[in-house]
Amino acid sequence: MAAAQRRGRRIMMTEQERDAYLRAQRTCRVATVGADGQPHVGALWFVWDGTSIWLHSLTRSLRWTHLRKNPRTAVVVDDGDEYGELRGVELRGEAVLVGEVPRTGEPCPELVDVERLFPVKYFGFDAMPHDGRHAWLRLTPETVVSWDFRKLAGLG
């Protein structure tokens, strides 16, 4: 899967901790770079399937424009208020478009599980609502870095 984390082994999440954390969190921040080299970071809802992070993005967004031209991205999911509570995961790699653009609900085997998980997580629905404005990007990370500062205090 992804490259091993080299630094911060003491505060690194185990694979099981990371998977549980990513499944529970609701918002990620997606970093992209425009053709002019300027960075852009925006918040987004996502689903983690244990291997990839699935990004549900507006197709008329700056993020979408950047990723269509340069699919390299970094995604951060984090939380915590006090220093000793900080934890998170950074995933880096290339975002790949999956399904039609915009997504209208045409059959797509790759999206069956994602579109079952997403509406339950965010809306409490059993079926995926399609608004004709969003589409799916899949990031199967090349690099994953995690941290859980609660481990420094023996809380994690």
Exercise. Quick check, is PRO141 surrounded by 12 or more Cβ atoms within 10 Å (Cβ to Cβ) and part of a loop (DSSP other than H, G, I, E, B)?
Worked result: yes
Exercise. Which residue pairs have Cβ atoms under 8 Å apart, sit 6 or more places apart or on different chains, and have a first residue in the stretch 124-151 that is more than 27 Å from GLU100 (Cα to Cα) and a second that is open to solvent by 70 Å² or more (accessible area, probe 1.4 Å) and of a type in the set (A, V, I, L, M, F, W, C)?
Worked result: VAL144/MET1
For this session: Answer yes or no as to whether GLY84 is touching a helix residue (DSSP H, G or I) at 6+ places or on another chain (Cβ under 7 Å), touching a residue at least 12 places away in the same chain (Cβ under 8 Å), surrounded by 13 or more Cβ atoms within 10 Å (Cβ to Cβ) and part of a helix (DSSP H, G or I).
Result: yes
Problem set entry | Extreme residue, modelled with the lowest pLDDT, among residues of the stretch 4-28 that are polar (S, T, N, Q) and open to solvent by less than 40 Å² (accessible area, probe 1.4 Å) | GLN5
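Quick one: is GLU90 of a type outside the set (S, T, N, Q), within 26 Å of ARG150 (Cα to Cα) and either modelled with pLDDT of 95 or more or under 11 Å from the mean Cα position of the chain (by Cα) (or both)?
Details: of a type outside the set (S, T, N, Q): yes; within 26 Å of ARG150 (Cα to Cα): yes; either modelled with pLDDT of 95 or more or under 11 Å from the mean Cα position of the chain (by Cα) (or both): yes.
For GLU90, the condition - of a type outside the set (S, T, N, Q), within 26 Å of ARG150 (Cα to Cα) and either modelled with pLDDT of 95 or more or under 11 Å from the mean Cα position of the chain (by Cα) (or both) - is met.
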Problem set entry | ALA135 in a loop (DSSP other than H, G, I, E, B) and more than 13 Å from the chain's Cα centre (by Cα) | no
Seminar exercise, completed: Selection over the stretch 144-155 where residues are surrounded by fewer than 16 Cβ atoms within 10 Å (Cβ to Cβ) and either out of contact with any Gly (no Cβ under 7 Å at 6 or more places or on another chain) or assigned to a strand (DSSP E or B) (or both) yields a count of 2
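Yes or no, residue by residue, for (1) more than 21 Å from GLY99 (Cα to Cα); (2) among the charged types (D, E, K, R); (3) open to solvent by 20 Å² or more (accessible area, probe 1.4 Å):
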site: GLY37; (1), (2), (3): yes, no, yes
site: GLY42; (1), (2), (3): yes, no, no
site: VAL47; (1), (2), (3): no, no, no
site: SER57; (1), (2), (3): no, no, no
site: LEU62; (1), (2), (3): no, no, yes
site: ASN70; (1), (2), (3): no, no, yes
site: VAL75; (1), (2), (3): no, no, no
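The values are calculated or read from the model by the stated rules, or taken from the named source; none is laboratory data. Only a predicted model underlies this, so the values are computations on that prediction, with no experimental measurement involved. All Cβ positions, even for glycine, are placed from backbone atoms using ideal geometry, and neighbour counts span all protein chains on display. Surface areas here come from the heavy atoms of the whole protein model, side chains and all, with no ligands, DNA or RNA. Shrake-Rupley method; radii C 1.70, N 1.55, O 1.52, S 1.80 Å.
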